[in-house]
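The values are calculated or read from the model by the stated rules, or taken from the named source; none is laboratory data. It should be emphasised that the depicted structure is a prediction, and the values quoted were computed from it without experimental measurement. Here Cβ is always computed from backbone atoms with ideal geometry, including for glycine, and neighbour counts include all displayed protein chains. Ligands, DNA and RNA are stripped out before the accessible areas are found, and what is left, the full protein with its side chains, is counted by its heavy atoms. Shrake-Rupley method; radii C 1.70, N 1.55, O 1.52, S 1.80 Å.
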Amino acid sequence: KPIIITVDGPSGAGKGTLAYRLAEHFGFELLDSGALYRIVGLMAHQAGLLDDAPDELALSDLTQSLDLSFLPNSKTRAIDIYIDKKPLLDDIRNETVGGYASIVAAFPKVRSALLDLQRNIADQKPGLVADGRDMGTVIFPDAHAKIYLSASAQARAKRRVIQLTQAGKEANFDDILADIIARDERDENRSVAPSRPADDALFIDSSSKSADLVFEEVLQFINQ
Ligand code: CDP
């Protein structure tokens, strides 16, 4: 059985950075569960399923029919996503797709369609670092160590602006803050797998902590 570390929390709290560093440190596999919801959200949008009130069965059919694979790209050192054996060329890391993701993520049948995929990802590996919203509460309740990383909405919006600007994309602080607050609302108040810390999670507020400090506190917690 692989050793599992879960990192949950709201958008922009630094989950991705922390998960990447932990995976590198321990030599574990990474599961970016948000990418799964982003892909389903984008595909649902492209299929016109989000134009009106979404139909849960149509969304879960679409989710079940996706043939997804994730392959490390040695040139870019990123993970390339393939859908039905074809590389995904669309950008899924923007707020528009984040919004689609949080809409489809509120449907129980979409979530259950992604359950096995997430649980099986680490089967052949010594360990896994999984980041998302429900990694510690629903997907891996028996994880070895659980982290819930949060930060004020202002701090998270500020970080997103810096990230986007560095990536050469346009970023407006007020728009991003509004998007983050709307997405938090949806993710925390949905009926299924709401974003919340597991009872046995280490809670960290990273508003005024550097990525290095967060990493250190987490390592201490894991090794204790
Ligand atoms: O990177 P960021 O935290 O902004 O978002 P993400 O982790 O890529 O997730 C995008 C959206 O997918 C979230 O707002 C959630 O609605 C949904 N999600 C979820 O419901 N459960 C997960 N385990 C991961 C993401």
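Quick notes on this one:
- Among residues of the range 65-93, those that are open to solvent by less than 50 Å² (accessible area, probe 1.4 Å) and at pLDDT below 85, counted: 2
- Those helices (runs of 4 or more DSSP H) of the range 119-224 in which 3 or more residues are at pLDDT 95 or above and more than 28 Å from His25 (Cα to Cα) occupy 173-189.
- Ala178 touching a residue at least 24 places away in the same chain (Cβ under 8 Å), of a type outside the set (S, T, N, Q) and surrounded by 13 or more Cβ atoms within 10 Å (Cβ to Cβ): no
- Scanning the range 113-124 for residues being more than 11 Å from the ligand (Cβ to nearest atom) and closer than 22 Å to Pro2 by Cβ gives a total of 8.
- The range 24-54, residues that are away from the ligand (no atom under 15 Å from the Cβ) and closer than 22 Å to Leu114 by Cα: Phe28, Glu29, Gln46, Ala47, Gly48, Leu49, Ala53
- Members of the range 193-211 found to be under 16 Å from the mean Cα position of the chain (by Cα) and either more than 13 Å from the ligand (Cβ to nearest atom) or of a type in the set (Val, Ile, Thr) (or both), listed by number: Pro197
- Of the residues Gly132, Gly136, Gly127, Gly168, the single one that is more than 21 Å from Leu59 (Cβ to Cβ) and within 12 Å of the ligand (Cβ to nearest atom) is Gly136.
- Evaluation of Lys125 against (1) open to solvent by 70 Å² or more (accessible area, probe 1.4 Å); (2) free of Cβ contacts under 8 Å to residues at least 60 places away in the same chain (one fails), failing number: (2)
- When residues of the range 1-22 are limited to those that are open to solvent by 10 Å² or more (accessible area, probe 1.4 Å) and more than 22 Å from Val161 (Cα to Cα), the one farthest from the ligand (Cβ to nearest atom): Lys1
- Search result, residues across the range 181-222 that are farther than 29 Å from Ala106 by Cα, open to solvent by 90 Å² or more (accessible area, probe 1.4 Å) and not acidic (Asp, Glu): Ser208, Gln220
- Scanning the range 1-36 for residues that are hydroxyl-bearing (Ser, Thr, Tyr) and touching a Leu at 6+ places or on another chain (Cβ under 7 Å) yields one hit, Tyr20.
- Complete set of residues in the range 52-64 that are of a type outside the set (Val, Ile, Thr) and surrounded by 11 or more Cβ atoms within 10 Å (Cβ to Cβ): Pro54, Asp55, Glu56, Ala58, Leu59, Ser60, Asp61, Leu62, Gln64
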